1. Residues to consider are A:N43, A:N104; find the one that is in a helix (DSSP H, G or I) and within 14 Å of another protein chain (Cβ to nearest Cβ).
2. Being open to solvent by 50 Å² or more (accessible area, probe 1.4 Å) and either away from every other protein chain (no Cβ under 14 Å) or modelled with pLDDT of 85 or more (or both) is true for just one of B:D517, B:D448. Which residue is that?
3. All but one of (1) at pLDDT 85 or above; (2) within 14 Å of chain B (Cβ to nearest Cβ) hold for A:F132; which doesn't?
4. Which members of the stretch B:354-393 meet the condition of being among the charged types (D, E, K, R) and surrounded by 11 or more Cβ atoms within 10 Å (Cβ to Cβ)?
5. Restricting to the stretch B:402-417, count the residues that are of a type in the set (D, E) and crowded, with 18+ Cβ neighbours inside 10 Å.
6. Quick one: is B:A201 at pLDDT 80 or above, touching a Ser or Thr at 6+ places or on another chain (Cβ under 8 Å) and not basic (K, R)?
7. Among the candidates B:T301, B:T235, B:T270, which residue alone is of a type in the set (S, T, N, Q) and touching a His at 6+ places or on another chain (Cβ under 9 Å)?
8. Look through B:L245, B:L303 and report the one residue that is in a helix (DSSP H, G or I) and either touching a strand residue (DSSP E or B) at 6+ places or on another chain (Cβ under 6 Å) or hydrophobic (A, V, I, L, M, F, W, C) (or both).
Amino acid sequence: MSEIAIVVIEDEREVRDAVVRDLAPFAGHFRIEATEDVDDARNLLAELAADDVLAGLILCDHLLPGVLGIDFLIELEAEPKTRGARKVLLTGQAGLEDTIRAVNEAKLDYYVAKPWSPESLHQVVSSQLTEFVLASDEDVLPYVSILDGPRLLDAASQRGWEGRAT
Amino acid sequence: MSDEAGRHANYYALCLGEHRDEVDDLVGRITQATRGVIVVEGFVKVNWFRERMSRLIARGDHVVLVIIDDQVTAVDGPKLLDELGTTPEFEPATRMLLVSRPEDREGVVEVVRPWSDQGLAHLAQSLVTVYFVEHAPEDMERIGGFADTELLSVAYTETEKELQRTESQMERLQRSFFVDADVPDDEVERRMIDEIDRTLAEPERVTIPAGTVLLRHGQAVDRIWIVLDGEVRLTRTVDGREIVLHLRTAGRIVGLMAVARNQPAFMDATAGTDLTAISLTLEELDRALRGSETLAVHFVTALLRSMVRRHQRSIDLRLQVDQLNLDLAKERDQLAAALAQLEHAQTRLIESEKMATLGQLVAGIGHELNNPIAAIGRAADFITQDLSELPLAHVDGVMMQQAFDEALHRPPISTAEERSQRNALAASIGDRALAGRLVSVGVSDAADFQLAFGDLSDDERERRLVDLERYHQLGLSLRNIRSAAGRIGDLVGSLRSYARAGQGLATGVEVAAGIEDTLLLLGHELRGIDVVREYGEVPQIACFPGQLNQVWTNLIHNAIRAMDGSGTLTVRTSSPGAGVVQVEIEDSGPGIDPSHIDQIFDMHFTTAGGRVDFGLGLGLRLAKDIVTQHGGTIAVESGPGRTCFVVTLPPEPPEANPGES
């Protein structure tokens, strides 16, 4: 089974620290990687790919140094290795136009507005990762306790039945 | 032949014949018939004949009669007579041809052989009489002795008739109104009045006081006035307003127009001054005109001239109206332009009013934010103080204290650096998750790990690590609270100083401080953009700092927009002259379209989606207005990859600054 990573891209240290800490509950099951800019994020994604780690969720700030978050997400959508990753924009500043572009072109999965509440962030991350795990060929059982358990089990039994039928 | 010297006679008859005796005979008879009044000369040589004729004419004498014998061989007689007939000088002369057979030649009197001496004499007398009647009536008495009386009486009758015709023609000419064109108007009018006095036995002069109405528009007219002294106003009243049609141009005859057309008066006629006038009823006028043709001529002349004057006046009026229309059109255009400017000014006023309101709101919010920010900052400090004693109570007090302090004070390392430490540590201890946690709490390599955890069991190590993480997180969170609160404090401070700067004229202003406030407030737009500050030594100036902040905001915002997310913004200050401050805001964007650069400060602002667009348009226009009010200048240089706005400000604004009061 491949390890799954949550990648955070946020240039402000205080915000990055807070996001990472809010993601701590997922730390036992997912590798949590924080980057401060797009260049570092690219390096990281390359490292992950080299280590056979799947990028499961990309949580990206919108206003990044020299580039907009959605432009980076659009770039990732064009990459086969990151196309399957769930993409969430974390921002206080994306306008309606940018958001529409993100949804249409970057296949943005969710939009988290700053300031966020930890509960809502957990909920978003959990449901997005559930989708990612279901879409992948990975074994769902290890994630039942941390993600959307009922959905994962439901899917697992579905697969089981299918497996039995064949 | 005769010698002309001493003779007073200047009427000649010339004869040309073939034989001298025949010629002499002819000369003798005609001389006798005309009693010597006509000098008769005979020739047998054509050349002499011609020469004599030319000479007489050249001398101013008259040739009355030319007689040629057709038997002359040296020349064709009839042809010579024709030739003479077409010569203007000889034209009045009667041409006579002596012939054997009449051929009815035109313009020639033919005398057929053999002629009676008496008949020839009579013919000569008649021809001479006709000549004198037609060409020399003033010398008529000379021919009294032989003149053809019957012919004379016919000629007299004709002359008489001609005279009569001429006279009546003269009279018609006299009646023509243009014969008197040189006579001044006064004179024509005086003659007319004299003639009226003569015809109507001096009609009474009436005195009419100024203001008296002579004719009323629309009312019937039964008399005319001939004004001898004073001035009449001809007017029409339109919409309650009196329009003067004629004053000087009214003329002396008032009312005739209406009378002539048998219509009501079409103008009001009022005595402009006291008048002396003759008032004539229509019957009196009629009688006077019938009684004297001269009066009719003078009257019509005076009237005609009056009409000409009125007509000229109406042409002048028409020209005046046209000129007025032109002036009005010009004024209307000016008003339209003024209105457009006013509307523009009003829009600007509304926008600046909006900005002013927004500014007050911002200042108010900034003020309100100060308290919570101060409270947060202080609370963070208190927590830091209180917590810094707690780690020491821990079993591993020193280690916990160190984790706390490091998180609180250690300068951050980059995410890449942190990851590489983690990778290195993971490689050395063989546990990536543990390595990650260790690096997070500041245990960055294997040596530190050995130092902190080397002698512990797994459980003991986990407990210690959890506690370390706790103290580390405490320190980190406190650090982040203080740093975030500090940032909010800076923002609020800039916001307040930016907003407060709108209050009015200030002295001793550091221009760079306003630019720094602006840069801080626009910080969110500046990500990805390198800001280069080249602040030189510049003098402090007197200015309206709030307005200048508006200028910096607009110029910097423009520059940022032009670079679209990445590039270099250079802010430069310098002092090109005593007391003068120059600010340059330069971007590395693509440059301004050369076709726009001339109007860049004049463009009307646009509103996009209901909000004011600070880009090109209002922003630059406002910036220019503000700089101009400060007595400064703003200019732009632009090319691909570099656009630079240069603002120059004097030591103080001109006294009459309309900006703020």
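1. Details: A:N104 fails: within 14 Å of another protein chain (Cβ to nearest Cβ).
Selected residue: A:N43, the only one of A:N43, A:N104 that is in a helix (DSSP H, G or I) and within 14 Å of another protein chain (Cβ to nearest Cβ).
2. B:D448
3. Of the numbered conditions (1) at pLDDT 85 or above; (2) within 14 Å of chain B (Cβ to nearest Cβ), the odd one out for A:F132 is (2).
4. Here is the first cut: in the stretch B:354-393, the residues among the charged types (D, E, K, R) are B:354, B:368, B:378, B:381, B:386, B:389.
Listed by number, the residues that qualify are B:K354, B:E368, B:R378, B:D381.
5. 0
6. No.
7. Just one listed residue meets the conditions, B:T235.
8. B:L303
The values are calculated or read from the model by the stated rules, or taken from the named source; none is laboratory data. This is a predicted model, so every value here is computed, not measured. Counting neighbours? That spans all protein chains shown, and the Cβs are built from the backbone with ideal geometry, glycine included. Quick note on the areas: whole protein, heavy atoms, side chains included, nothing else; ligands and nucleic acids left out. Shrake-Rupley method; radii C 1.70, N 1.55, O 1.52, S 1.80 Å.
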